[in-house]
Amino acid sequence: MQFSLYIPEHFLNFTENIQSVSISQGITMAWLYLLALCCPLLFLFFSTIHLLKPRKSPGTPDLPPGSMGWPIIGETFQFVSNPEKFIQERRQKYSPDIFKTSIIGEKVIILCGPSANKFIFANENKLFTFWLPPSVAAVLAVTNIDFTSASMNLVSIEAHKLLKAESLQDMVPIMDVESRQHLDTHWTTKNELKIHPLAQMFTFSLSCRLFINCTPEQVKQLFSYFSGMNGGGICFKINFPGTEYYQSRKREKALRMHLTEIIKQRKLEITKKEDASFDGYQDLLTRILISCKLNGLTIKDKELASRIISLLFASFFTTSNTVTFTLGYLAQYPHIYAKVLQEQLEIAKSKEAGDVLNWKDIQKMKYTWNVVCESMRLRSPAFGSFREAITDFTYAGFTVPKGWKVVKQSGQLGRVRSADPELARERDGTTEARACQHRPSAWPDDS
């Protein structure tokens with residue numbers, strides 16, 4: 001079957017017809033002729049697409065509202081550029097509780113609100129399993145690690161021990177010394193500061209001190225690699241020069257090689273010690289290597305370096321964001337800052353010159369802790385986390401199919417209006433109540 005396209009004769013002789021008109025008029029007429037030809041073709045194209053679009057059958061699950069965006073690309077760029085704006089706009093357009101989208105080639109359901117958090121945490125490993133975007137897993141170098149091995153299980157055990165109350169008490173003096181050094185070096189000599197970059201630098205430095213106990217020169221070198229990895233987080237795995245993913249992988253390899261050298265050196269130091277033990281405080285790397293030695297286990301340097309990178313990555317954003325948001329609120333509300341300062345000065349008066357903070361001093365910082373908790377309630381330090389549905393389930397009247405990815409939106413969940421919005425917290429056993437007597441009337445709401 002052959003097709004022919006009819007073109008009007010006066011259009012073929014277009015150049016002859018415009019000799020008596022100006023150039024601008026000729027260009028306008030040309031565009032009009034082109035539009036006249038293209039419009040029917042475009043109409044035919046989109047009509048065909050609409051007719052070929054599959055219709056929903058009676059047995060098809062009722063998916064959440066939303067848009068999947070462009071093929072393959074989806075709505076990745078809109079999501080990555082501004083996640084909070086992306087979610088806010090779609091909550092208003094589709095549903096305040098749930099909507100669908102497509103990110104880095106994955107079908108994604110985004111659950112919003114406090115009830116979504118409760119639902120996800122209550123059904124962990126029942127309806128959901130933890131999932132990392134492929135680009136994030138590759139950048140963190142955790143794709144080829146056997147987490148079920150005895151050595152990796154030992155790493156997890158020692159990491160959990162580091163967060164127990166006994167270990168935290170030993171870390172307070174170290175944190176105090178690191179904080180003072182950081183403030184003396186980067187804060188006290190300046191009249192104006194950009195808080196977030198300094199908070200990130202401090203968080204990374206403190207994490208390196210607690211995890212691997214490296215020198216300031218090593219911290220500086222590690223940070224130069226680590227700070228360049230963030231761009232290749234949620235993105236397409238295009239390992240080509242010039243892409244963010246390529247640059248992130250390049251810096252990740254350099255960071256892992258540097259950590260591997262530190263691990264090898266630490267192994268030699270522990271091997272030379274005949275009585276390796278856990279006497280006194282030990283950083284996480286030393287604890288892992290000693291535990292491996294005592295239990296007769298071996299662990300690959302590259303795998304251990306990858307786990308340390310994951311821990312640095314996990315602690316980096318949440319801690320630095322909390323510090324930034326808290327200081328931002330204190331700068332915005334001077335009367336709250338005055339109360340925090342008063343509490344800190346009272347603790348300082350009880351200390352001798354040169355004394356470092358201890359666990360008892362931390363327990364006295366009740367109002368300060370309330371302010372930090374309230375800052376995290378108003379402004380979540382982490383955007384959210386990814387899960388994968390391991391079975392079909394229903395939420396808010398919609399079906400989420402098995403295999404779809406689920407994102408828990410955490411940012412700004414606590415922004416609720418209140419006539420008296422500064423809500424301090426006090427612990428009473430296992431319950432937590434907001435104490436009205438500590439509430440100045442100027443803490444921000446969501447306006």
Next on the checklist: Against the condition part of a loop (DSSP other than H, G, I, E, B), of a type in the set (G, A, S) and closer than 23 Å to D170 by Cβ, how does G354 come out, does it pass?
Outcome noted: yes
Checklist entry - T148 fails exactly one of the following numbered conditions: (1) open to solvent by less than 30 Å² (accessible area, probe 1.4 Å); (2) not in a helix (DSSP H, G or I). What is the number of that condition? => result (1)
Next on the checklist: Given the condition at pLDDT below 90, open to solvent by 90 Å² or more (accessible area, probe 1.4 Å) and assigned to a helix (DSSP H, G or I), answer yes or no: does some residue in the range 273-291 qualify?
Outcome noted: no
Next on the checklist: Looking at the structure I just gave you, is A138 under 18 Å from the mean Cα position of the chain (by Cα) and at pLDDT below 85?
Outcome noted: yes
Next on the checklist: All but one of (1) among the charged types (D, E, K, R); (2) modelled with pLDDT under 90; (3) open to solvent by 40 Å² or more (accessible area, probe 1.4 Å) hold for R180; state the number of the condition that does not hold.
Outcome noted: (2)
Item to check | Residue within the range 172-190 that is part of a helix (DSSP H, G or I), farther than 19 Å from L312 by Cβ and aromatic (F, W, Y) present | outcome: no
Next on the checklist: Return the residues of the range 154-171 that are within 25 Å of the chain's Cα centre (by Cα), assigned to a helix (DSSP H, G or I) and either closer than 16 Å to S291 by Cβ or without any contact (Cβ under 8 Å) to a residue 40 or more places away in the chain (or both); say none if nothing qualifies.
Outcome noted: V155, S156, I157, E158, A159, H160, K161, L162
Checklist entry - Which condition does A199 not pass, out of (1) open to solvent by less than 50 Å² (accessible area, probe 1.4 Å); (2) closer than 29 Å to K264 by Cβ; (3) under 24 Å from the mean Cα position of the chain (by Cα), if it passes all the others? => result (2)
Item to check | Residue satisfying condition, being over 28 Å from K253 (Cβ atoms), open to solvent by 30 Å² or more (accessible area, probe 1.4 Å) and in contact (Cβ under 8 Å) with a residue 60 or more places away in the chain, within set K366, K351 | outcome: K366
Next on the checklist: If I go through the range 102-126 residue by residue, how many of them are aromatic (F, W, Y) and open to solvent by 60 Å² or more (accessible area, probe 1.4 Å)?
Outcome noted: 1
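Each row is one residue, and each column tells you yes or no for (1) within 20 Å of V136 (Cβ to Cβ); (2) in contact (Cβ under 8 Å) with a residue 24 or more places away in the chain; (3) open to solvent by less than 20 Å² (accessible area, probe 1.4 Å); (4) under 20 Å from the mean Cα position of the chain (by Cα).
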{"site": "P216", "(1), (2), (3), (4)": "no, no, no, no"}
{"site": "Q221", "(1), (2), (3), (4)": "no, yes, no, no"}
{"site": "S227", "(1), (2), (3), (4)": "yes, yes, no, yes"}
{"site": "P241", "(1), (2), (3), (4)": "no, no, no, no"}
{"site": "Q247", "(1), (2), (3), (4)": "yes, no, no, yes"}
{"site": "R251", "(1), (2), (3), (4)": "yes, yes, no, yes"}
{"site": "R256", "(1), (2), (3), (4)": "yes, yes, no, no"}
{"site": "Q265", "(1), (2), (3), (4)": "no, no, no, no"}
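Run down S320, S380 and say which single residue is buried (at least 18 other Cβ atoms within 10 Å of the Cβ) and not in a helix (DSSP H, G or I).
S380
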Checklist outcome for this item: Screening F86, F99 for residues that are assigned to a strand (DSSP E or B) and crowded, with 18+ Cβ neighbours inside 10 Å leaves only F99
Next on the checklist: Can you report the number of residues in the range 132-145 which are in contact (Cβ under 8 Å) with a residue 12 or more places away in the chain and open to solvent by 50 Å² or more (accessible area, probe 1.4 Å)?
Outcome noted: 2
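The values are calculated or read from the model by the stated rules, or taken from the named source; none is laboratory data. Bear in mind that the values here come from a model prediction, so they are computed numbers and not experimental data. Here the Cβ is made from the backbone with ideal geometry for all residues, glycine too, and neighbour counts use every protein chain on show. For the accessible areas, the whole protein counts, side chains as well, though only heavy atoms, and no ligand, DNA or RNA atoms are used. Shrake-Rupley method; radii C 1.70, N 1.55, O 1.52, S 1.80 Å.
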